[in-house]
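K.L.:
Input: one structure, supplied below.
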Amino acid sequence: MGALAHGLRPRRPALGCSLIFVLALAGCGKPEGATTTAGSIGGTQQPAGTSGTGLVGPERPVAEVLRADPWIEAIFATCGDDHYYDRDTSDLIGILVDKLEHGRGEPLKRAIEELGAMGEDSVPELRRLLDLQLNDASRAGSIQNTLGALGQNDGAGAPEQLARALDHPQRTIRTVALRGLRRTGAPPDRFDYLAGLARVGDSNERGLAALTMHATDAARAELLFLDWIERGEVLDVEESILPLIALSEVPETLAEAERIRRDVDPRARAWFAAMFAARGDESAREDLYDALSDERTVVRSTALRAAASLGLWEVVAAVLETDPESSIRASAAAALHSGLAAAADGEHPELAPTEAQRERALGALRSALNGEDPTVAAEAQIGLTILGDEEAVSRALLALDESPVVLTRVLPSLRERMERDPALAGRVYDRLRRRIEAEEQLPWSQRAASFQALSVVRTRAAAELLMAYADQAAAEGAILSGAPAHRWFCVHATNTGPQGRKYLIELLLEEPDPVRRLDLTFAIGGERDDLARTALTERMENDDLPPLERLYAASLLVGLGPAAEVAPRLKRAALRTQDDQGRIGFQCLLWLWY
């Protein structure tokens, strides 16, 4: 964007003189040849500047200002060990496995994730730890972490290790194991055990056991499910297993389902009707319409879900138009726009609507958009906006002028549409810019909703405008949601996407104030992508920066990972740091994360 309205401008490389600095020092600048001592850290002289949390100048050295910042303070507050870190970071598996027993919070979460991503390489160490945990009742808490890592692991040996926990006496531990096995399938010799668990556990455990059976041996599980359904023995987990049966292509499953489909409970009958209607059986279609006309809400809801799951979009459209209950019509609208959006994205091609079905669905959504039921109309508005319907998009753009409540309600669908149609971002940006300009006389706190809305526009222009207002708000000493204005705006600028964050990197390289650089560093590292990793690594390894600023970049980088790349770099950065506080902080991070 070029010139900004009402005197706002993109930030410049030149330092200039901010209002808050003027008020603090009763003037801007010094006579030529005068010097200002802003503090010297690690032998590097740092420039004076301003921030939203404190002044850097003759009386407040950089190190003191940074150390007082809440974000820096949080690093030291979580410090358990600050002595020399002597572990070998060339092989992270053992280090990460130790975190499963002794870690907490984000370090633990990332250890589970990374051990899972390592595949078969991490399975032997996970098996070793599991051996200890299964034989020690005091380790019942940490065993869930080990199972969590195995559950995300695609290694060939992971299912066997997960299955060992199925015999554990604690239901919570069995449940964690089942969640992992639901994705990978269990060893074949555990099928009968799972079948027993699916009939005697609590409803959650039974449902997971049934799904794991299907992941282990789909054809065998489906026939057993059908037997249970015919006997009426698994009513509380039918919603888990019926979709699996309905989508089956196993001949024996189809034949058995056809045999029993009219002799089961109403919800199962609705699923079987949809199952065979989708395969062209007209009598089954009549059965489905009967279910959709049932006086019981639960039966109609089940029939709607079944029709949507099988891609019977014309049936779902009819429900949207005719069901007497608002909640079911709203569900039908949601199912239609979800199905159409998935098809547009190339997902589930087997369920993609024909052109006739698509037009029928869009027609029903457009009628609902202009209908009298506000709940259904709102759902249709969301769906049609996501799908790019011009009337719905125009209404959504108009709603950007409304109250913060309406603004918040309409933004998610516009954001999703902008991901599919980048050109829409310009229209949203223009509308929000005009809204922000019209609110110029309001207090900053009353304008927050508008700035938050602008942050979902993932463009450089949105980041530029946000940061221009950040400068203005900071100069006026504004506080938003308890945070200094510059920090608040940076937190939200994180959402402006890669192009927006590239602009923030440009600002970071120009910014003279160390605390404001922390704000920008946070915003740049707000997404787990290569842009953030590269920028944060460069900050951490830049020995010309204040050590505590390098430390803050490192504290964000460890959360992005991967540990195999970050840990050795972090250790080298710690070894290079001569400043006492910085070195202690780096050691704290190393012990906390690795």
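The values are calculated or read from the model by the stated rules, or taken from the named source; none is laboratory data. Since the model is a prediction, treat every value here as computed from it, not as a measurement. Cβ atoms come from the backbone with ideal geometry, glycine included; neighbour counts cover every protein chain shown. For the accessible areas, the whole protein counts, side chains as well, though only heavy atoms, and no ligand, DNA or RNA atoms are used. Shrake-Rupley method; radii C 1.70, N 1.55, O 1.52, S 1.80 Å.
K.L.:
Report yes if some residue within the range 372-389 is closer than 12 Å to ALA333 by Cβ, free of Cβ contacts under 8 Å to residues at least 24 places away in the same chain and either more than 29 Å from the chain's Cα centre (by Cα) or open to solvent by 20 Å² or more (accessible area, probe 1.4 Å) (or both); otherwise report no.
P.N.:
Scanning the range 372-389 turns up no residue that is closer than 12 Å to ALA333 by Cβ, free of Cβ contacts under 8 Å to residues at least 24 places away in the same chain and either more than 29 Å from the chain's Cα centre (by Cα) or open to solvent by 20 Å² or more (accessible area, probe 1.4 Å) (or both).
K.L.:
Determine which member of the set GLN472, GLN441, GLN446 is open to solvent by 10 Å² or more (accessible area, probe 1.4 Å) and either of a type in the set (Val, Ile, Thr) or not in a helix (DSSP H, G or I) (or both).
P.N.:
Working: GLN472 fails: either of a type in the set (Val, Ile, Thr) or not in a helix (DSSP H, G or I) (or both); GLN446 fails: either of a type in the set (Val, Ile, Thr) or not in a helix (DSSP H, G or I) (or both).
Exactly one of GLN472, GLN441, GLN446 is open to solvent by 10 Å² or more (accessible area, probe 1.4 Å) and either of a type in the set (Val, Ile, Thr) or not in a helix (DSSP H, G or I) (or both), namely GLN441.
K.L.:
Let me ask something else. Look through PHE522, PHE489 and report the one residue that is in a helix (DSSP H, G or I) and open to solvent by less than 10 Å² (accessible area, probe 1.4 Å).
P.N.:
None of the other options fit; the residue is PHE489.
K.L.:
Additional query: Taking into account only those residues within the range 540-594 that are among the polar types (S, T, N, Q) and closer than 20 Å to ASP86 by Cβ, which is most open to solvent (accessible area, probe 1.4 Å)?
P.N.:
Ranking the qualifying residues of the range 540-594, first place goes to GLN578.
K.L.:
Still on this structure, please answer the following. Is there a residue being of a type in the set (D, E, K, R), closer than 20 Å to PRO187 by Cα and part of a loop (DSSP other than H, G, I, E, B) anywhere in the range 212-224?
P.N.:
Initial filter on the range 212-224 (of a type in the set (D, E, K, R)): 217, 220, 222.
Now narrow it down to the ones that are closer than 20 Å to PRO187 by Cα: 217, 220, 222.
Filter again for part of a loop (DSSP other than H, G, I, E, B), leaving 217.
Checked the range 212-224: at least one residue is of a type in the set (D, E, K, R), closer than 20 Å to PRO187 by Cα and part of a loop (DSSP other than H, G, I, E, B).
K.L.:
Helices (runs of 4 or more DSSP H) wholly in the range 61-141 with at least 3 residues that are under 26 Å from ARG164 (Cβ atoms) and charged (D, E, K, R) - which ones?
P.N.:
93-102, 105-117, 123-134
K.L.:
Another question about this same structure. Scan the range 370-399 residue by residue and report those that are out of contact with any Ser or Thr (no Cβ under 9 Å at 6 or more places or on another chain) and assigned to a loop (DSSP other than H, G, I, E, B).
P.N.:
Of everything in the range 370-399, those that are out of contact with any Ser or Thr (no Cβ under 9 Å at 6 or more places or on another chain) and assigned to a loop (DSSP other than H, G, I, E, B) turn out to be ASN370, GLY371, GLU372, GLY388, ASP389.
K.L.:
For the range 72-98, name all the residues that are among the aromatic types (Phe, Trp, Tyr) and in contact with an Asp or Glu (Cβ under 9 Å, 6 or more places away or on another chain). Please lay out each step first, then the result.
P.N.:
First, the residues of the range 72-98 that are among the aromatic types (Phe, Trp, Tyr): 76, 84-85.
Correct list: PHE76 only.
K.L.:
What number of residues within the range 439-476 satisfy the criterion of being among the hydrophobic types (A, V, I, L, M, F, W, C) and without any contact (Cβ under 8 Å) to a residue 12 or more places away in the chain? Walk me through it before giving the result.
P.N.:
The initial filter retains those residues of the range 439-476 that are among the hydrophobic types (A, V, I, L, M, F, W, C), namely 442, 444, 448-449, 451, 453-454, 456-457, 461-463, 465-468, 470, 473-475.
Add one more test, that the residue is without any contact (Cβ under 8 Å) to a residue 12 or more places away in the chain, and what stays is 442.
Residues that pass the stated criteria total 1.
K.L.:
Just to be sure I understand the filter: pairs with C-beta atoms under 7 Å, separated by 6 or more residues or on different chains, first member in the range 526-543 and more than 13 Å from GLY500 (Cβ to Cβ), second member assigned to a loop (DSSP other than H, G, I, E, B). Which pairs pass?
P.N.:
LEU536/GLY525; ARG539/LEU545
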